[in-house]
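**Q** Attaching a single structure in structure tokens format; questions to follow.
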């Protein structure tokens with residue numbers, strides 16, 4: 001038969017569990033919004049120039065950029081969410097009277113075995129995340145990765161698909177992309193340099209015309225002043 005102290009202890013444990021669950025849920029929501037705003041600001045600073053990909057319209061390029069940002073946000077959100085709920089679970093189990101020491105030991109051994117078994121897969125995802133964060137290349141660009149040159153036909157966190165001019169497609173795990181050369185960005189940068197030079201030339205020409213106009217106006221005013229002085233001297 002339950003005593004009043006046992007009932008109070010059960011109620012207090014239940015209250016603590018509910019408090020931990022509510023706190024974890026609020027933390028996940030807050031960090032989701034915080035991560036979204038932070039990543040958008042950082043990516044806006046690192047990508048001051050919106051590259052228009054060769055063969056794609058401006059709307060298609062903008063769509064790919066939004067997809068890239070959303071993918072990065074989902075990856076970070078998933079990691080944060082997993083960490084928070086694991087911590088919450090490990091906090092709740094002792095409240096329920098479950099010893100977590102054997103569980104932690106088993107998780108450690110299992111994680112070690114999984115790490116050795118899926119090492120290449122983990123490296124693929126990590127490498128893909130850095131390619132995405134650093135914006136090394138996007139779908140539609142001409143690149144050379146893992147010694148293969150072609151157009152990026154598809155990309156995700158695990159692998160990159162390159163298509164050669166002869167139609168051959170290469171499926172490259174991202175962990176094998178030790179070095180990547182982007183040829184499309186060079187063409188875009190050259191075009192941007194030409195546009196900047198044109199704008200600077202227009203600005204310089206406009207400044208020269210304004211200076212000439214100012215000089216012409218000054219000369220005309222001076223001529224009028226001299227003529228007025230001569231007229232005044234001729235008058236009796």
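**Q** Determine which member of the set 197, 179 is over 25 Å from the mean Cα position of the chain (by Cα) and either exposed (fewer than 12 other Cβ atoms within 10 Å of the Cβ) or modelled with pLDDT under 90 (or both).
**A** Checking each option against the conditions leaves just 197.
**Q** Right, another one. Please go through region 149-173 and pick out each residue that is loosely packed, with under 14 Cβ neighbours inside 10 Å and touching a residue at least 24 places away in the same chain (Cβ under 8 Å).
**A** 156
**Q** Anything in region 157-172 that is under 29 Å from residue 73 (Cβ atoms) and outside any strand (DSSP E or B)? List them, or say none.
**A** 157, 158
**Q** Looking at region 32-44, can you tell me whether even one residue there is more than 21 Å from residue 157 (Cβ to Cβ), modelled with pLDDT of 85 or more and out of contact with any helix residue (DSSP H, G or I) (no Cβ under 7 Å at 6 or more places or on another chain)?
**A** In the first step, residues of region 32-44 are kept if they are more than 21 Å from residue 157 (Cβ to Cβ); the result is 33-34, 37, 41, 44.
Imposing the further condition that a residue be modelled with pLDDT of 85 or more reduces the set to 33-34.
From what's left, out of contact with any helix residue (DSSP H, G or I) (no Cβ under 7 Å at 6 or more places or on another chain): 33-34.
Yes, region 32-44 has at least one match.
**Q** Would you point out the residue of region 1-31, among those that are over 18 Å from residue 96 (Cα atoms) and within 42 Å of the chain's Cα centre (by Cα), that is modelled with the lowest pLDDT?
**A** 31
The values are calculated or read from the model by the stated rules, or taken from the named source; none is laboratory data. Since this is a predicted model, take the numbers as computed values, not measurements. Neighbour counts run over all protein chains shown; Cβ positions are idealised from the backbone, glycine included.
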